[in-house]
1. Mind telling me which of the residues A:Trp63, A:Trp59 ends up being in a loop (DSSP other than H, G, I, E, B), surrounded by 16 or more Cβ atoms within 10 Å (Cβ to Cβ), within 8 Å of chain B (Cβ to nearest Cβ) and of a type outside the set (Gly, Ala, Ser)?
2. Report, by residue number, each residue of region B:2-47 that is more than 7 Å from chain A (Cβ to nearest Cβ), at pLDDT 70 or above and either closer than 24 Å to A:Leu143 by Cβ or out of contact with any helix residue (DSSP H, G or I) (no Cβ under 6 Å at 6 or more places or on another chain) (or both).
3. Of (1) aromatic (Phe, Trp, Tyr); (2) at pLDDT 90 or above; (3) closer than 27 Å to A:Ser121 by Cα, B:Phe101 satisfies all except one. Which?
4. If a residue must be more than 8 Å from every other protein chain (Cβ to nearest Cβ) and either within 13 Å of the chain's Cα centre (by Cα) or not in a helix (DSSP H, G or I) (or both), how many such residues does region A:154-165 contain?
5. Does A:Tyr44 fit the bill of being within 12 Å of another protein chain (Cβ to nearest Cβ), part of a helix (DSSP H, G or I) and of a type in the set (Ser, Thr, Tyr)?
6. Output the number of the condition that A:Gln124 fails; it satisfies all remaining conditions of (1) under 26 Å from A:Ala43 (Cβ atoms); (2) outside any helix (DSSP H, G or I); (3) at the interface with chain B (Cβ under 8 Å from one of its Cβ atoms); (4) not hydrophobic (A, V, I, L, M, F, W, C).
7. Pairs please, first residue from region A:9-25 and surrounded by fewer than 17 Cβ atoms within 10 Å (Cβ to Cβ), second anywhere and at pLDDT 95 or above and of a type in the set (Asp, Glu), Cβ atoms under 8 Å, 6+ apart in sequence or on different chains.
8. Conditions: (1) at pLDDT 90 or above; (2) at the interface with another protein chain (Cβ under 7 Å from one of its Cβ atoms). A:Trp68 meets all but one. Number of the miss?
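The values are calculated or read from the model by the stated rules, or taken from the named source; none is laboratory data. All values reported here derive from a predicted model rather than from experimental measurement. As a convention, Cβ positions derive from the backbone with ideal geometry for all residues, glycine included, and neighbour counts pool all protein chains shown.
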Amino acid sequence: MTVSQVYLKKIAINQLVDASLYDEITDQHLAMWKSTWVPAMEAYCQGRAEAKKPDDSQWDWKWKAEGWRPFLKYHSFSIVCEKELQGLMLASDVKSARVQDQFGKPIVYVELLASAPWNRSKIQKPKRFHGVGTVLMAAAVQLSIDMGFKGRVGLHSLPGAVSFYKDDCGMTPLGNDAAYGNWIYFEMTEKQAAEFRQK
Amino acid sequence: MKLTHSKDWYARRIALEGDADIGAGTMAAIRESAVAQTQAVPIDTRIAFGTFVELWRRDRGWDAVKLAEVAGVNPEEILEIERSPQSEPEPNAVFRLAQVFEIPSKILMELAGLIEPRTPNLRQAAVRFAARSESVAALNPHEREAFEAFVSAIAETAKK
């Protein structure tokens, strides 16, 4: 397991603070998820109509992370800051690109990505840390480069995150995907990955 | 995998990040993870799952459309669950049905064959329940007894 020095912006002081990116979701991270993330999500969902709950409110990261560990095609990541879990991501390396000029080439596909409930403006105002998406996308791009995929990344965006992938990350939207809950599929090309890393 | 971006890079990139709540992933991914964990199609528990769904709604005088409306799923999904144990149900539909039935979703996911079987007693109870249930128009006392026994078995399993 490798740990990278990364940074998140702490909203309370409006400054970057040290954080750690792990290229693995460990048992300790899953314990943190269960003891803090889950109660916060449950508290937010309490009494809310199904349609008002976050799209990932039912995601069981323990089940996913443990179930996928034996498979070499899966890669997991977690961000820890101030001794608390701030974000999680699971990615795979066996899917192919859909954008025309890189069609069929291997990509890193982000299977699941989420920030902790306290880092979401819709759940907590003000949220605690900003930048979880940036760090996790940086990890996905770096994994793609390490795999020899030149930064190519694909994902299906949760409805509320479309602007992040389109405007902030510069990814290409390829429209609603009927095979994946009709959510919008995004892809990052080699050129877009280079721009993401340079900005 | 090692990230080597500078602190300045993070400052610039995070400044560009809007206030959208970040997230990616689909129910298909969840299903894929379930398939990865499941070595064989659990037809026996899935038959029990379909029978349970059918009897639960019939016990309340509901048709498949009514249950679909309450659960927020397609009526076709309900019919497929009840009649096609070979078909893998959508995890989202199972989650929603679990909420309507007020049953832990993990147990219903196990019955539906979407996660690896972990509770042998549940499977045995499911097989017994499926074997004792008959597909007739009305819920007869025998079916009701089987149905209530199965509900109790689920409740007992949930406590463990």
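1. The unique qualifying residue is A:Trp59.
2. B:Thr4, B:Ser6, B:Asp8, B:Trp9, B:Ala15, B:Ile43, B:Arg46
3. Against the list (1) aromatic (Phe, Trp, Tyr); (2) at pLDDT 90 or above; (3) closer than 27 Å to A:Ser121 by Cα, B:Phe101 comes up short only on (3).
4. Residues meeting the conditions: 1.
5. yes
6. (3)
7. A:Val17/A:Glu82
8. Going through the list (1) at pLDDT 90 or above; (2) at the interface with another protein chain (Cβ under 7 Å from one of its Cβ atoms), A:Trp68 breaks only (1).
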